[in-house]
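Chemist: For reference, the structure I am asking about is given below.
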Amino acid sequence: MMPVTAVHRSRGWFGVRRRAGVVPALQRLVDDDRGAELSAEKPARGGEGVLDYDSVIETQGVQIPFVPRIITPKIERPMRNNRYEGGEVASLRRLLKPGDRVLELGAGVGLCSTIAAQNPDVDRVVAIEANPDMIPLIQETYRLNDVCEQAELRNGVATVRSGAEIPFYIRQDFWGSSMEAESRPFARVEQVPALAIDDLLAEVRPTVLVCDIEGGELGLFDDADLSSVRNAILELHPKVYGRAGSARIVAALARKGLYLSPENKPDSSVQIFERRPPPQPIRTRSALKTGSDRWYGDEPRTLITTCMKDEGPFILEWVAWHKALGITDLVVFTNDCSDGTDLILNRLQQIGVLTHLPNPAVVAGQTVFQPIALAYTQLMPIFSDVDFVISMDVDEFVNIRAGDGRLTDLFDAAGPFDALSIFELNHGCNGQVKFEPGLMRDQFPGHSTETPGKWRAHRGAKTITRISSKLVKLRNHRPDMDAGANPVWLDGSAQPFDEFQSDSSLNGADARGRYNLVVLDHYALRSMESYFMKMLRGDVVVAGKRVSLRYWRLRNKSEARTSTPNPALVAAANAFHETHFAGDPELMALHDQSCRWHSEQIERISEQQEIKDRRDWIMENAWT
């Protein structure tokens with residue numbers, strides 16, 4: 001075994017004084033792997049310790065000592081193929097500029113900090129690593145690449161405030177070690193110094209921030225002074241804190257002028273943030289009238305416009321949910337209802353919950369119900385009073401993952417926008433054959449995955465649009481906007497979203513990575529029996545169009561359950577129902593009558609040959 005000298009500074013490893021000689025953490029690692037011993041008898045020269053290893057891996061121009069206990073096969077292969085942390089490395093090299101100061105939180109094996117230190121134009125590199133087992137290996141990486149004088153390494157955990165040492169949970173795979181104990185088993189616990197993020201930022205004044213700390217980033221930057229940072233490269237960990245946690249981090253950085261780069265891959269956990277001037281001031285009508293400090297105003301008005309036909313059993317849940325969400329105005333157009341939908345809506349109008357109108361397409365003798373209804377909406381007086389508008393259907397539920405799940409939480413998290421497109425997750429029948437009155441969110445929790453493969457990633461969207469001179473035409477999935485006015489168009493993760501603006505024919509796009517802030521839960525099928533009713537009812541958008549077997553196959557997805565309703569909004573929706581609906585005997589009687597009508601109609605059609613054929617096909621080909 002070839003002895004290699006590991007040099008450390010006279011102050012000890014990263015400010016923690018140690019006797020010159022063997023580094024205990026690395027001795028444990030080498031002993032565990034090969035039964036080798038670091039020689040304590042060999043005197044260290046000038047603060048040097050002896051580190052034994054067999055070989056060096058060169059990856060992306062950086063030499064890293066190969067210690068198998070750390071460099072396990074899972075990362076050895078990508079290292080040797082120059083793919084380990086490939087995205088971070090390429091981004092860092094591209095972003096670095098003369099005079100930069102780099103602060104890395106979570107140094108890993110020292111790859112990124114070494115690359116930064118190799119750049120002769122970079123003024124300073126400071127790397128923080130919590131795992132004490134990694135410190136000797138990183139220092140040896142610095143020595144092998146001759147950057148010991150350029151890179152500073154400190155052992156500790158970046159925290160909101162400094163204090164006593166805090167527990168750090170060491171796991172077999174070093175990249176799984178973290179400050180939390182619950183996600184997976186750990187080998188042991190080490191007490192490590194707590195380094196206040198404010199102190200680090202004040203000392204280093206970084207222009208480039210690199211962060212991969214296994215979930216420790218959540219809340220770390222909420223109150224931090226990031227005014228010196230031009231670019232940040234962050235690995236997000238939604239498996240630790242959920243999509244809502246990712247959204248919180250994106251929103252916190254946006255408040256500090258750091259926005260997601262348009263070059264990001266939507267489905268990547270590594271996201272680049274870049275400092276940009278704040279968008280041209282975007283303010284709603286309410287904000288302009290009241291002089292509110294919030295871009296959307298203190299009490300923003302948001303309108304849903306929709307078309308319905310024979311949706312009686314499902315109306316009250318949908319209305320209560322979106323009223324609790326913060327929808328202030330609802331305009332519902334109906335035509336040719338048989339199940340009492342129009343009567344329920346009339347009663348809701350009488351008690352001041354919504355506006356119900358016959359679809360103007362009927363009067364005009366037309367059959368394109370939804371396009372004409374949307375055009376009519378833009379002519380209504382209410383359209384001149386509201387701040388935002390969204391066209392959506394009664395089987396679609398906006399599910400906001402930020403805060404308490406209200407629209408204002410979304411507006412705060414996303415920042416100013418002219419249009420924000422929300423991508424759907426299709427909820428399948430969840431194995432339910434029978435129509436049963438009840439809540440959609442309880443009966444059909446399973447849905448399509450948020451992380452599909454490339455060929456299944458195209459999803460439909462609905463768009464919240466700020467009403468302004470930039471809006472040209474209201475459409476069902478997305479508006480037409482004046483391109484010359486440079487509208488700010490975001491997706492459901494508050495990332496820039498240009499696809500709809502550049503191609504007016506699109507109603508959907510690759511949805512991967514676009515669910516962090518808000519999801520459109522789409523209960524397109526409900527039960528199998530409700531699907532049959534929908535099939536016979538026909539399309540609410542265009543007369544004569546019927547849902548097909550392909551419609552079922554594409555939407556009967558129940559493999560995931562990541563889109564759970566925000567508990568705060570569930571409580572608010574239940575409270576709205578109790579306050580406005582449950583105590584109205586006339587309304588509840590109309591609801592019950594509509595449910596009975598659906599049950600009776602299902603019984604009546606169950607023996608029709610077309611229904612039998614479809615049922616047999618579904619059970620044989622597309623039930624699960």
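The values are calculated or read from the model by the stated rules, or taken from the named source; none is laboratory data. Since the model is a prediction, treat every value here as computed from it, not as a measurement. Here the Cβ is made from the backbone with ideal geometry for all residues, glycine too, and neighbour counts use every protein chain on show. These accessible areas exclude ligands, DNA and RNA; they are computed on the full protein's heavy atoms, side chains included. Shrake-Rupley method; radii C 1.70, N 1.55, O 1.52, S 1.80 Å.
Chemist: Determine, for each peptide in 374-381, 171-178, the mean count of other beta carbons within 10 angstrom over its residues, then list the peptides with the highest first.
Modeler: On the way: 374-381: 14.8, 171-178: 17.2.
Taking the mean over residues of other Cβ atoms within 10 Å, the ranking is 171-178, 374-381.
Chemist: Counting only C-alpha contacts under 8 Å and six or more residues apart, can you give the relative contact order of the chain as a whole percent? Provide the component values of the computation, followed by the final result.
Modeler: Working: 1249 pairs, mean separation 65.3, N = 624.
Taking the mean separation of contacting Cα pairs over the length of the chain, I get 10 percent.
Chemist: Charges only on Cβ, +1 for Lys and Arg, -1 for Asp and Glu: so what's the dipole of region 55-275 about the Cα centre, in debye to the nearest 20?
Modeler: 560 debye
Chemist: Shifting gears a bit: When the dipole is taken about the Cα centre of the chain, and only Lys, Arg (+1) and Asp, Glu (-1) are charged at their Cβ, what size is it in debye, to the nearest 20?
Modeler: With Lys and Arg at +1 and Asp and Glu at -1, about 820 debye.
Chemist: Further question: With unit charges on the beta carbons (Lys and Arg positive, Asp and Glu negative) and the dipole taken about the Cα centre of the chain, which residue among ILE249, PRO496, ILE382 sits farthest to the positive side?
Modeler: Going by the charge dipole, the pick is PRO496.
Chemist: I'd like the Karplus ³J(HN,Hα) series for region 55-64: coefficients 6.51, -1.76, 1.60, θ = phi - 60°, whole numbers in Hz, and an x wherever there's a Gly or Pro.
Modeler: 8, 10, 9, 9, 10, 6, x, 10, 8, 10
Chemist: Percent antiparallel among DSSP beta bridges with both residues in the chain, to the nearest 5?
Modeler: Values: 45 of 85 bridges.
Taking every DSSP beta bridge within the chain, about 55 percent pair in antiparallel fashion.
Chemist: Under the 0.36 nm per residue contour assumption, what length would be gained going from the current alpha-carbon distance of ASP442 and ASN507 to full extension?
Modeler: 20.6 nm
Chemist: While we're looking at this one, here's another question. With a Förster radius of 41 Å, plug the Cβ-Cβ distance of ALA181 and GLN63 into 1/(1 + (r/R0)^6) and report the FRET value to the nearest 0.05.
Modeler: Values: r = 34 Å, r/R0 = 0.84.
After rounding to 0.05, the efficiency reads 0.75.
Chemist: Please report the antiparallel percentage of the DSSP beta bridges confined to region 55-275, to the nearest 5. If you can, show how the numbers build up before the last one.
Modeler: Working: 19 of 40 bridges.
Of those bridges, close to 50 percent are antiparallel.
Chemist: Obtain the nm distance between the two label points defined at TRP455 and ARG188 by a simple spin-label model: each point lies 7 Å from its Cα along the Cα-to-C-beta direction.
Modeler: It works out to 4.9 nm between the two label points.
Chemist: Further question: Residue farthest toward the positive end of the dipole of the chain, with Cβ of Lys/Arg at +1 and Asp/Glu at -1: which of ILE327, LEU407, LEU95?
Modeler: Toward the positive end, the furthest listed residue is LEU95.
Chemist: Pull up all non-local amide H partners of ALA158: gap of 5 or more, or a different chain, and H-to-H distance under 5 Å with H placed in the peptide plane.
Modeler: LEU195
Chemist: If I take all pairs of Cα atoms in region 397-616, what percentage of them are more than 30 Å from each other? Walk me through the numbers before you get to the answer.
Modeler: Working: 8022 of 24090 pairs.
Every Cα pair in region 397-616 considered, those over 30 Å come to 33 percent.
Chemist: If the cut-off is 20 Å between C-alpha atoms, which lysines fall inside it for LYS454, apart from same-chain ones fewer than 8 positions away?
Modeler: Of all the lysines, those that pass the test against LYS454 - Cα under 20 Å, at least 8 places apart if same chain - are LYS265, LYS557.
Chemist: Another question, if that's okay. Efficiency by 1/(1 + (r/R0)^6): what FRET value for ASP482 and THR367, r their Cβ-Cβ distance, R0 = 51 Å, to the nearest 0.05? Walk me through the intermediate numbers first.
Modeler: Numbers: r = 30 Å, r/R0 = 0.59.
Here the calculated transfer efficiency is 0.95.
Chemist: Between ASP222 and GLU578, with labels modelled 7 Å along Cα→Cβ, what's the label distance in nm to one decimal, could you check?
Modeler: About 2.9 nm separates the two model spin labels.
Chemist: Antiparallel versus total DSSP beta bridges in region 397-616: what percent is that, nearest 5?
Modeler: Working: 16 of 21 bridges.
Rounded to the nearest five, the antiparallel share is 75 percent.
Chemist: In percent, what relative contact order does region 55-275 have, based on Cα pairs under 8 Å that are 6 or more apart in sequence?
Modeler: Details: 425 pairs, mean separation 35.9, N = 221.
Relative contact order for region 55-275 comes out at 16 percent.
Chemist: Also, quick follow-up: Can you give the charge dipole size of region 63-144 about its Cα centre, rounded to the nearest 20 debye, using +1 on the beta carbon of Lys and Arg and -1 on the beta carbon of Asp and Glu? Could you put the intermediate results ahead of the total?
Modeler: On the way: 11 positive and 10 negative charges, 58 e Å.
With only Lys, Arg, Asp and Glu charged at Cβ, the dipole is about 280 debye.
Chemist: Between 0 and 90 degrees, rounded to the nearest ten: what's the tilt of helix 24-34 against the longest Cα principal axis of the chain?
Modeler: It is inclined by approximately 80 degrees.
Chemist: What chymotrypsin sites (Phe, Trp or Tyr not before Pro) in region 284-367 are in a loop by DSSP, with at most 10 other Cβ atoms within 10 Å of the Cβ?
Modeler: Numbers: sites: TRP295, TYR296, PHE314, TRP318, TRP321, PHE333; in loops: TRP295, TYR296.
Qualifying residues, ordered by number: none.
Chemist: Starting at the first residue of region 234-245, write each ³J(HN,Hα) from the Karplus equation 6.51 cos²θ - 1.76 cosθ + 1.60 with θ = phi - 60°, in whole Hz, x for Gly and Pro.
Modeler: My calculation for region 234-245 gives 10, 9, 8, 10, x, 5, 8, 10, x, 5, 5, x Hz in order.
Chemist: Still on this model: Order the following by accessible area, largest value first: TRP455, TRP623. Probe radius 1.4 Å; ligands, DNA and RNA are ignored.
Modeler: On the way: TRP455 225, TRP623 50 Å².
Heavy-atom accessible area, descending, gives TRP455, TRP623.
Chemist: Classify region 180-263 from the C-alpha gyration tensor, please: rounded if a/c falls under 1.5, else prolate or oblate depending on whether a/b exceeds b/c. Let's see the in-between values first.
Modeler: Details: a/c = 2.27, a/b = 1.32, b/c = 1.72.
Since a/c reaches 1.5 but b/c is at least a/b, the shape of region 180-263 is classed as oblate.
Chemist: Provide the per residue accessible area, probe 1.4 Å, for the chain, rounded to a whole number of square angstrom.
Modeler: On the way: 26510 Å² over 624 residues.
On a per-residue basis, 42 Å².
Chemist: Something else: Rank by packing, highest mean first: peptides 153-161, 599-607, with packing defined as the count of other Cβ atoms within 10 Å averaged across residues. Each step should come with its number before you reach the end.
Modeler: Working: 153-161: 20.1, 599-607: 13.3.
Ranking, from highest mean packing down: 153-161, 599-607.
Chemist: With angles folded into 0 to 90 degrees, how steeply does helix 567-577 sit against the dominant principal axis of the chain? Use alpha carbons for both and round to 10.
Modeler: Helix 567-577 and the main axis of the chain meet at about 20 degrees.
Chemist: Computed on alpha carbon atoms, what radius of gyration and Dmax characterise region 57-114, expressed in Å?
Modeler: Calculated on Cα positions, Rg and Dmax stand at 12.1, 37 Å.
Chemist: In the chain, what percent of the accessible surface is made up of carbon and sulfur (1.4 Å probe, ligands and nucleic acids excluded)? Could the numbers behind the result be given before it?
Modeler: Working: 12960 of 26510 Å².
Result for the chain: 49 percent of the exposed heavy-atom area is carbon or sulfur.
Chemist: Sticking with this one: State whether region 55-275 is rounded, prolate or oblate according to the following rule on the C-alpha gyration tensor (a ≥ b ≥ c being the square roots of its eigenvalues): a/c under 1.5 gives rounded; otherwise a/b larger than b/c gives prolate, and the remaining case gives oblate.
Modeler: Numbers: a/c = 1.31, a/b = 1.10, b/c = 1.20.
It comes out rounded by the Cα gyration axes.
Chemist: Here is a further query. Where a Cα-Cα gap under 16 Å defines reach, which aspartates and glutamates qualify for LYS462, not counting those fewer than 8 residues away within the same chain?
Modeler: Partners within reach: ASP393, ASP395, GLU396, ASP418, GLU424, ASP480, ASP491, ASP498, GLU499, ASP503, ASP510, ASP521.
Chemist: Take the eigenvalues of the Cα gyration tensor for the chain, scale each by 5, and report the square roots as semi-axes in whole Å, largest first.
Modeler: Values: eigenvalues 630, 144, 83 Å².
So the three semi-axes of the chain are 56, 27, 20 Å.
Chemist: From the phi angles alone, apply the Karplus equation (6.51, -1.76, 1.60; θ = phi - 60°) to region 423-429 and give each ³J(HN,Hα) in whole Hz, x where the residue is Gly or Pro.
Modeler: 8, 7, 10, 7, 8, x, 6
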